[in-house]
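The values are calculated or read from the model by the stated rules, or taken from the named source; none is laboratory data. Please read all numbers here as calculations on a predicted model, not as lab measurements. Glycine gets a Cβ as well: all are built from the backbone with ideal geometry, and neighbour counts include every protein chain shown. SASA here: full protein model, heavy atoms, side chains in, ligands and nucleic acids out. Shrake-Rupley method; radii C 1.70, N 1.55, O 1.52, S 1.80 Å.
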Amino acid sequence: MKTTDTPPAALAEEPRDRPPVTKTGAVPEKDKREGTVLNVFSHGVLVIWALLVVLPLLWAVMSSFKDDNSIFSSPWALPDKLHFENWSRAWTQAHMSDYFLNTILVVGGSLLGTLVLGSMAAYVLARFDFPGNRFIYFLFIGGMSFPIILALVPLFFVMNNMGLLNTTHGLILVYIAYSLPFTVFFLSSFFRTLPSSVAEAAIIDGASHTRTFFQIMLPMAKPGLISVGIFNFLGQWNQYMLPTVLNTDPDKKVLSQGLVQLAVSQGYKGDYSGLFAGLVMAMLPVLAAYIIFQRQVVAGLTAGALK
């Protein structure tokens, strides 16, 4: 009698929709081509975006070393001679030095106050549970969606009644109030990612909440502080609407007001070479700050996004 061995049902037929597996574990050629096309497309978009950002900056720097005739006759050509007198004229005659000093005072004071007050408020909202915690947090979030242009008229009268109009410290207080909502929103999510065991160990060792915050938690939040500090620095340095309404004293104007003053002061005879020089002067501190702290900015953004 002959017997035939029949294979099990599970092994009788190979699945037909399973992708082929190579013995060496190499990526299939089709997936490799799709990945190459995606990389080429994404890199092409990044290159186009970089050109759109970098070329206007380079053109402004190049135009700041030309005279007015060269700017209009050959706008895309390199300067035949470096006219450093454009920079000196913008710095002295256009009073860019005074505007620069006023801007440093206002932005420096407001940035320091924003980081101190914002970090303290964000730490309390992120680490302590108390009645009204979420309500206060959402009040800060609502402040981010409130258009500042709607508050200009009542803010003007409030500043005038308090004697803070056309003052440096009054503008600093307004900048702090303007920047606090985003700072609290950013830092509260960052403080939630920090380990609570370190703060608990400090409390057990006898440290107060104030000492725990300033000596332990605040240094641990350094990447987040640098990131939100850069963002606030950009917004406050380029702010034009608030100082235009609240700071009309010619001796206390900031850099954004100075650039507009330089553009309109000549009437029909525009000093375009000096204007480009002043524009580059206003742009250099922002570029320098971002180039110096770019790694900390990226580290703060990624650390705040992960929990």
*Per 10 Å bin from zero, what fraction in whole % of the C-alpha pairs of segment 84-305 is there, up to the bin with the longest pair?*
8, 27, 30, 21, 10, 3, 1, 0
*Taking Rh as the Kirkwood radius, which is the inverse of the mean 1/r over Cα pairs, what is the Rg/Rh value for segment 64-130?*
1.40
*What order do you get for 129-139, 63-73 when each peptide is scored by the mean count of other beta carbon atoms within 10 Å, highest first?*
63-73, 129-139
*Hey, any idea what % of segment 49-95's accessible area is carbon plus sulfur with a 1.4 Å probe?*
73
*For segment 91-146, go through all pairs of different Cα atoms, get the mean of 1/r, take its inverse, and jot down that Kirkwood value in Å.*
14.0
*Order these peptides, 202-210, 167-175, by their mean beta-carbon neighbour count within 10 angstrom, highest first.*
167-175, 202-210
*When you count, for each residue, the other Cβ atoms within 10 Å and take the mean per peptide, how do 224-235, 189-200, 284-295, 101-112 rank with the highest first?*
224-235, 101-112, 189-200, 284-295
*Given segment 150-203 reduced to its alpha-carbon atoms as identical point scatterers, what log10 I(q)/I(0) does the Debye formula return at q = 0.16, 0.19, 0.29 Å⁻¹?*
-0.63, -0.72, -1.08
*Largest-first ellipsoid semi-axes for segment 119-225, taking √(5λ) over the Cα gyration tensor eigenvalues, angstrom*: 33, 16, 12
